[in-house]
Amino acid sequence: MLCLLVVSYALALPQPQRQAPPANNDSKRVYLIHADELRYDRWRNNDAQVLIGSVQFEHDGARLYCDSANFFETSNSFEAWGNVRMVQGDTLSLTSDQGYYDGNQQMMEARDNVVLRNRTTTLYTDELYYDRIWNQGYFQNGGRLVDNGTTLTSDWGEYHTDTKMAIFYYDVKMSDKQFLLTTDSLYYDTRVKKAHIVGPSDINSGNSHIYSELGFYNTVTEEAELLNRSRLDNQGKTLVGDSLWHNGKTGISEAFVNVVFTDTVNKSILKCDYGHYEDSIGYAMCTENALAIDYSQPDSLFMHADTIKVFSFNLETDSVYRVLHAYNKVRAYRTDLQAVCDSLVYSSLDSCMTMYTDPITWNMNQQLLGDVIQVFMKDSVIDHAHVIGNAFSIEQLTEEKCYNQVSSKEMFAFFTEGHIHEAQAKENVVTIYYPEDKADSSFVGLVYVETNELRMFMDSIGKLSRIWMPKADGTMYPMSQIPPAKRYLDGFEWYDYVRPVSKEDIFVWRGKKKEDEETADL
């Protein structure tokens, strides 16, 4: 039974495919060049010439040396013991404690302390078969290849001295001072120092870890070209893409198609079809269907723009912070907050998100417009907003065509648990609001007021509860006598057709003009 198991295991191993020699390859004789002593006893030594002392053979351009040998002239072969060495040209040598050479097959079987040297590449093993016809050495019981500081080990492998290609299987490890690669199948081209990844593989280098099932890794430049959704991990940051390029020396990575960059430390995700990341300075950039996700709260924030960049500062200190830049057609969605603008900057230093060029934000039935809008977060929840220049606040009411409106030079909005509870307007304040009858919640009329400062307070569901202002000039119109021209302030527009309605809708750009709409590829 044990024998059957051994045979079955041997058959399961990858077997070297030795092609037949060319038809016109006439077998050349193995020549005995020297031996200190020669004995021949046909019956005692099985038709072998017994050679002792400084034995030397020559065969088809190769020199073979040993301390003693049994030379079978009839079969054109010999057994060798002690300081066995085969030299071919000035680039290849094979040494071992014992061996067997078949001149007809040009096959050398080397055993015990085997060392194969080919220029700067050295292979160590306890048993090696070297085929001179096809310039191929292979082992089946463990081997170690050393190439200019790079070490490659495995249970089974082969090395081609003409192409300089090493093919290793089973418990493969490749390492030097900078990295460790582990896999079960690996091709390594010693000419260009490039490892061909052909199966599940892990590469560890410093704080970086790479997982790939298909790709290339250059041991000199530390550049990796990876395919098939390979993954790069670095201290809580993960980069995945259909294809990846990574330089271990510079820490620069590029990813292509279906790219996902996850930062578990800051609880954020970047998605795109092209991504660029520089680990040393904490810089990330994504474009082509770019999407940023903040999942620090149960209700995630989704933001799309043509290009998104992340800059990191004070990386080597306890005061590290990041600044996100999003520009060209920014759209953001969260259930309690939606926004659009042309460009946006978010700094984790003060948790402030600043929107430029036609910014609009919505919270429930509230809409804010201005030249610049700043939204300040606290524990990833909106805390307050600051509208700078041409501020315009609109609250949509249940009554058709009824909106509470405030325009001013500057405006503030304060939130509690994601709901607005107070709004302040300063300088050149003009407002329209509809006071309610406390008895039946019906609207009493429309109040038009001009003042220099205004404070509006909302209840827990966002409805206007009271207003404070200093000296003001105003007029009240009963509901049945409201002049149509007084229903809206100058510049009024309810941009419901612009507002993102879902996380998928942020990919569809809609400008302030209804005809200014385009669809992006999801």
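Running Debye on region 329-405 with equal point scatterers at the Cα sites and no solvent, what base-10 log of I(q)/I(0) appears at q = 0.14 Å⁻¹? These q points yield log10 I(q)/I(0) values of -0.44.
Within the shell defined by Cβ-Cβ distances under 10 Å, the residues around Ala166 carry a net charge of -2, with Lys and Arg each +1 and Asp and Glu each -1. For region 453-494, treating each Cα as an identical point scatterer without solvent, what Debye log10 I(q)/I(0) comes out at q = 0.20, 0.22, 0.26 1/Å? Results for region 453-494 at q = 0.20, 0.22, 0.26 Å⁻¹ read -1.01, -1.10, -1.08.
Treating only the Cβ atoms of Lys and Arg (+1) and Asp and Glu (-1) as charged, compute the dipole magnitude of region 164-255 about its Cα centre; round to the nearest 20 debye. Please list the in-between numbers first.
Values: 10 positive and 12 negative charges, 50 e Å.
Approximately 240 debye in magnitude.
A 1.4 Å probe, protein heavy atoms only, puts the accessible area of Met364 near 80 Å². In terms of distances greater than 30 angstrom between alpha carbons, the cross-link table entries Lys309/Lys426; Lys193/Lys237; Lys249/Lys329; Lys177/Lys237; Lys267/Lys329 yield Lys309/Lys426; Lys249/Lys329.
Each residue was assigned an accessible area with a 1.4 Å probe, and for Ile269 the value is about 40 Å².
Normalised by the residues of region 309-386, what does the relative contact order come to in percent, with Cα pairs under 8 Å and at least six apart? Walk me through the numbers before you get to the answer.
Values: 164 pairs, mean separation 15.2, N = 78.
Relative contact order comes out at 20 percent.
So, counting K/R as plus one and D/E as minus one, what does the shell of residues with Cβ under 11 Å around Asn228 add up to? Intermediate results must be reported in sequence, preceding the final value.
Values: positive: Arg229, Arg231; negative: Glu213, Asp242.
Once all neighbours under 11 Å are counted, the net charge is 0.
Can you give the FRET efficiency for Lys177 and Phe311, using 1/(1 + (r/R0)^6), R0 = 30 Å, r = Cβ-Cβ distance, to the nearest 0.05? Don't skip to the answer; put the middle values down first.
Details: r = 32 Å, r/R0 = 1.06.
E(calc), rounded to 0.05, equals 0.40.
Take Tyr477 and Asn148, extend 7 Å from each Cα along the Cα→Cβ direction, and tell me the distance between the two endpoints in nm. Rounded to a tenth, the inter-label distance reads 8.4 nm. Computing Rg and the Kirkwood Rh from the Cα coordinates of the chain gives a ratio, Rg/Rh, of 1.33. Counting only Cβ charges, +1 for Lys and Arg and -1 for Asp and Glu, the dipole size of the chain around its Cα centre is about 260 debye. For the chain, carbon and sulfur atoms together expose 49% of the accessible surface, with a 1.4 angstrom probe and every protein chain in place.
Size of the dipole of region 278-329 about the Cα centre, Lys and Arg at +1 and Asp and Glu at -1 on the beta carbon, nothing else charged, in debye to 20? Don't skip to the answer; put the middle values down first.
On the way: 3 positive and 8 negative charges, 42 e Å.
Computed about the Cα centre, the dipole is about 200 debye.
Compute the signed sum of charges (Lys and Arg +1, Asp and Glu -1) over the other residues within less than 13 Å, Cβ to Cβ, of Thr125.
On the way: positive: Arg111, Arg117, Arg144; negative: Asp97, Glu109, Asp112, Asp126, Glu127, Asp155, Glu158.
That sum, taken over residues with Cβ under 13 Å, equals -4.
Rolling a 1.4 Å probe over the protein heavy atoms gives region 263-368 an accessible area of 42 Å² per residue. In the chain, the longest principal axis of the Cα atoms and the axis of helix 2-12 are about 60 degrees apart.
Please give the per residue accessible area of region 92-170, computed with a probe of 1.4 Å over protein heavy atoms only, in Å². Intermediate values should be presented prior to the final figure.
On the way: 2840 Å² over 79 residues.
Value for region 92-170: 36 Å² per residue.
Using bins of 10 Å that start at zero, the share of Cα-Cα pairs per bin across region 395-476 amounts to 17, 51, 30, 2, in whole %.
Label-to-label distance, Tyr31 versus Tyr283, with points set 7 angstrom from Cα along the beta-carbon direction: 6.7 nm. Counting every alpha-carbon pair across region 104-185, the share separated by more than 21 Å comes to 23%.
The values are calculated or read from the model by the stated rules, or taken from the named source; none is laboratory data. As the structure is a prediction and not an experimental result, all values here were calculated from the model. When we count neighbours, we look across all protein chains shown, and the Cβ atoms used for this are built from the backbone with ideal geometry, even at glycine. Side chains are part of the model used for accessible areas, which takes the heavy atoms of the whole protein and leaves out ligands, DNA and RNA. Shrake-Rupley method; radii C 1.70, N 1.55, O 1.52, S 1.80 Å.
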